[in-house]
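The values are calculated or read from the model by the stated rules, or taken from the named source; none is laboratory data. Just so you know, these numbers come straight off a predicted model, no measurement behind them. No Cβ is skipped: glycine too gets one built from the backbone with ideal geometry, and neighbour counts run over all protein chains shown. Areas reflect the complete protein model, heavy atoms only, side chains present, ligands, DNA and RNA absent. Shrake-Rupley method; radii C 1.70, N 1.55, O 1.52, S 1.80 Å.
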Amino acid sequence: MSQHYQVSLTGKRAAGRMDAELLDSLMSRFRVDAEKARTLLQGRRVIKRQLDQATAAKLALMLQRMGLEAVVESAAGEPVAAASEGPTAVQKLEELGNQRLPSIRVTPGYVISLASVTLLCVIMPLLYLGLTAATAYACFWYLTHIHNYIDLRNIQLLFLVYGAPGLTGFVLVLFLLKPLLARRPGRYKAVVLDQEKEKDFVAGIHGLCRAIGTAPPKEIHLDWDVNASVHYRSGWFSLITGHKVLTIGLPLMAGMTARQFTGVLAHEFGHFTQRLGMRCGFVINSVNAWLEFRAYGEDSWDQRLREWSDESDNILVSLVILAAQTGMGLTRLLMRLLFQISFRASRHLSRQKEFDADRYGVLVSGSDNFRSIARDVRGLSQALHEVHRANMDAWREGKLLRNLPQAVALQYRDYDAKRLAAIELGMQEEVTRYWDTHPAGMERIEHAERQNCPGVYLDERPAALLMKNFEGACERLTGTFYRDQGISYSQKNLRPVEDILAIRAAKEERFRQLEWYFNGQFRALPFLDPALLRDEKAGALDWQAAIDQLRARSPEIARDWREAYEAELSRPGRILFLRFGDPQKQTVVDRDEYERIRAQKTPQIERLRPAMALYLRRLRCAGETLAGEERRRFVSLLRLLQLLYAEQQAVRDLLELQAFMRELERFVQGGAGPAFERELTDARSRHHDIALGLLASMEKVPQDLGEGGTVAGWLWQRHANLADAQNDILRFQRVANGLPNSLLHFYCMVLEALTVLAGAAEKAHGIRPIKVVLLQPAG
C-alpha cells in the first residue's frame, strides 16, 4: 500500500514578497476567493492531502517559487522533507561570476565611425566657444582701433561710435557666455541602496559583472521609473577611475522574473564592455545633454528673470527683462542648431550600441526571453501611468499608495489577454526612424532571437526575491518620490494598493453607470435642476413613456448637452477677449453671448431643460416604487442633489476664474504689463472669496457618501492644505485649484448612487432602459 503525503504552509513568506502579491498569486493559481486566500496566509495551513511524494514535492516547490514557505509532511503531519530547489535566485546570480561570457568583437569600421562621430560632437561646443571668443575679440578690436578712423574732437560722434556699439557688444558677449555661467537647477537627491543590508544582492550584481567582464558599480541607486541604467559616477573624472553607478527602477524589478531582470542588467553592463566605445559614448552623450539643456532647459538665469518679471510693477524694468529674455532666446537658437547637428550625427551609432548590448542580455538570459522583456517593459510603463492616475484620484480623498512599485506590478499582472495583445501589436507597428536613439522593438527582438543563445541564468522566480528587504526599499522610495513631488502627507494617508486601485475602479464603475443610465449623453455641467421635477408636461408621462421619449430624442439631447458643456468651457476665453481683446473686433453679440452662457440661457440649455425634466421624471417614477431604507436613501440623495444645484453658479465661476487666472499668469510672465497684473490680483481675490463662501455653504449640507460628515468636511479632507492657506490669497489660489473639480466629482457620486437605485427598480419592474439590445434569433 503506497504512503500518502500532505503539503503545508508554515505561515512564513520569502523575503521581499508582499501580502497583496501573494494573495493575487493564490487566487489566480488555486482559484479561491480573497477571503479564502487570506486564511492561507495566516499561520500554518494544510494545502492538500492524499498526495504521492513526487506530487507533494512538486506542489511544495511551486509554493516556494510563489514566495511561501511550504513543507512536505506525512499523513500524520510529521515533516518528511523540505521542498528544496537548490540555490536561491541571488545565489545563482552570484555563481555567474565563476564563468566568463564571450566578448563582442569590435570591427575597424565601428572604431572609425565611433571616432568620427565623437570628433564631430566635440566640435559643436568648440564652434560655440570659437564664435563667442571671435565676438568678444571683434568688440575688443573695435573699441581699441576705431579711434584711428574718426575725429576724436566730435563728442557726439565719439559717444555714437563708442557708447552704442560698446554696450551692444558687451550685452551680446554676455548672452553668448550665459551657457557657461548660468547654473543648472538642483537635481533630486538619489535614493542609495544600503549595500551592507543587501550584501547578497550586491554580491549577485558583482558576479554578473565578472561574467560579463566589466567592473562592478560603486553605488546602486533606486528609482521609481520602469527602467535600469548604468552611468559614470563622477562625470568626466570617472573616465579615469572607471567608477560606475547602477540605477534600478523598482517597478521594473517588482514586475519581472529574476531571469528577465538579470537580462536587463546584463544589457546595461554590456555597454561598458567596450571601453573605447563607452568612453566615446560618454563624451557624445555629455555633449548632447549639455547642448540640449542649454537649448531647451531652464537655468538659474531664466528662473531669476521669470521671478523678477512676476514681481515687477515697473514698466521700464519689464521692458529691460523682456529685452534680456529676447537676447537669451537668440542664444538658445544657436544652441539648438548645434544640438540638432550633434544629436542627429550620433543616432546611428547609438542604435548599433543597443544591438551590441542586447547580445549580452541574451547571452545571460537567453534569446527566447528577450521578447517577454520587451513586452513587459512596455506593459509596466503603461501600468505605471495608470497607477499614477489612480494615486492622483486617491489623493483627492486624502489617500496615497504606500508602495508604488508593488502597485505597478499588480496593475500589470491584472492585464487580460486583450491588453497584452494590444501591447504586442504596438511593438509590431513600431518602425525605426533615422533619428531614433534606439532601434524599434521588433528589430531588437528579431536580432536577439537570431543569436539563438540558450542563456546561463534561467531562474523564473520573482526578481523581488533577489533583495532581502525589497518591500522596505519600495516603501522608502515611494516616500522619497512624494517628497520630491512636493506632497505633504503623514503615515495615516498611506494605504495598501488594494484601497487605491479600488478608488480608481469605483471611478470607472461610476463612469460606466452614468454612461448606461444617460445613454452616453451625460456631462458634469450643467447640473440637473431638481426644480424640473415639477414640470407639468413631463409629469403627465408614465415611467416607460418618459424613457421612450428620451430614447427617441437621444441624438439631439447628446448634441445639446455636449454643446452646452463646450460653451461652459469657452467662458474663460470669452471673458479674456472681452477684457483685453481688440475693442474694434468686439461686438454686442460677443458680450451678450457670454452673458447668456453665464446665466444658462443659451438655446442649447433651453432645449435641454425638457430632456432634464424627463430624466428627473424617470428618477421620480423609480423612487416611488422603493420602500423602507431604499426609499429613505433615495429621498436623501435627491435632497442632496438639490442642495448641490444651489451652488452650481459658484462652481462654474470658480472653474472660469481658475482658467482665466492661468492665462493671465502666462501673459504676466511674458511681460504683458500692469493692466494684466491688476486683473490677476482682482481675479485671485474673487476666487478666494467665492471658494470660501462655497465651503461655508457646504458646511450645512450633511452627506454619508464619503468621510467628513458634510460636503465641506469631505472637501476639507481632500484638500488638507486649504486650511493653512485661507489667509494667503496667492497660496490659496494654488492649493484650491482642485476644489471645483472635487465638487463636480461629488455631484457625480450623488447622481451615480441615485441611478443605481433607479436602475435596480427599473429592472425589478420590467421597464425597458434607453438602450435596448435586440438579440438576433439563432440560425
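Before moving on, here are some points about what is shown:
Conditions tested, residue by residue: (1) assigned to a helix (DSSP H, G or I); (2) over 19 Å from residue 252 (Cβ atoms).
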residue: 405; (1), (2): yes, no
residue: 410; (1), (2): yes, no
residue: 415; (1), (2): no, no
residue: 425; (1), (2): yes, yes
residue: 444; (1), (2): yes, no
residue: 448; (1), (2): yes, no
residue: 468; (1), (2): no, no
residue: 471; (1), (2): yes, no
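- Among (1) touching a residue at least 40 places away in the same chain (Cβ under 8 Å); (2) open to solvent by 40 Å² or more (accessible area, probe 1.4 Å); (3) within 30 Å of residue 288 (Cβ to Cβ), the one test that residue 485 misses: (1)
- Number of positions in the stretch 353-397 that are open to solvent by 10 Å² or more (accessible area, probe 1.4 Å) and not in a helix (DSSP H, G or I): 2
- Test result for residue 368, modelled with pLDDT under 80 and not hydrophobic (A, V, I, L, M, F, W, C): no
- Filter result (of a type outside the set (Ser, Thr, Tyr) and either open to solvent by 20 Å² or more (accessible area, probe 1.4 Å) or at pLDDT 80 or above (or both)) within the stretch 488-498: 491, 492, 493, 494, 495, 496, 498
- Scan of the stretch 566-593 for residues that are of a type in the set (S, T, N, Q) and open to solvent by 80 Å² or more (accessible area, probe 1.4 Å), ordered by number: 584
- Positions within the stretch 120-174 being of a type in the set (Gly, Ala, Ser) and either modelled with pLDDT of 80 or more or within 23 Å of residue 332 (Cβ to Cβ) (or both), in sequence order: 130, 133, 134, 136, 138, 169
- Residue 34 vs. criteria surrounded by fewer than 17 Cβ atoms within 10 Å (Cβ to Cβ) and modelled with pLDDT under 70: no
- Residue in the stretch 68-84 that is modelled with pLDDT under 65, part of a loop (DSSP other than H, G, I, E, B) and closer than 28 Å to residue 453 by Cβ present: no
- In the stretch 644-658 there is at least one residue that is in contact with a Ser or Thr (Cβ under 9 Å, 6 or more places away or on another chain), over 17 Å from residue 572 (Cβ atoms) and without any contact (Cβ under 8 Å) to a residue 60 or more places away in the chain.
- Subset of the stretch 660-690 (residues that are among the aliphatic types (A, V, I, L, M) and either touching a Ser or Thr at 6+ places or on another chain (Cβ under 6 Å) or at pLDDT 90 or above (or both)): 690
- Scope the stretch 550-603; condition part of a loop (DSSP other than H, G, I, E, B) and either within 19 Å of residue 529 (Cβ to Cβ) or hydrophobic (A, V, I, L, M, F, W, C) (or both); matching residues: 553, 600, 601, 602
- Tallying residues that are outside any helix (DSSP H, G or I) and touching a residue at least 40 places away in the same chain (Cβ under 8 Å) within the stretch 604-635 yields 2.
- Of everything in the stretch 711-728 that is more than 22 Å from residue 641 (Cα to Cα), among the aliphatic types (A, V, I, L, M) and without any contact (Cβ under 8 Å) to a residue 40 or more places away in the chain, the residue that is surrounded by the fewest Cβ atoms within 10 Å (Cβ to Cβ) is 723.
- Taking the stretch 185-278 and the helices (runs of 4 or more DSSP H) fully enclosed by it, the elements with 3 or more residues that are modelled with pLDDT of 90 or more are at 199-212, 250-255, 258-270.
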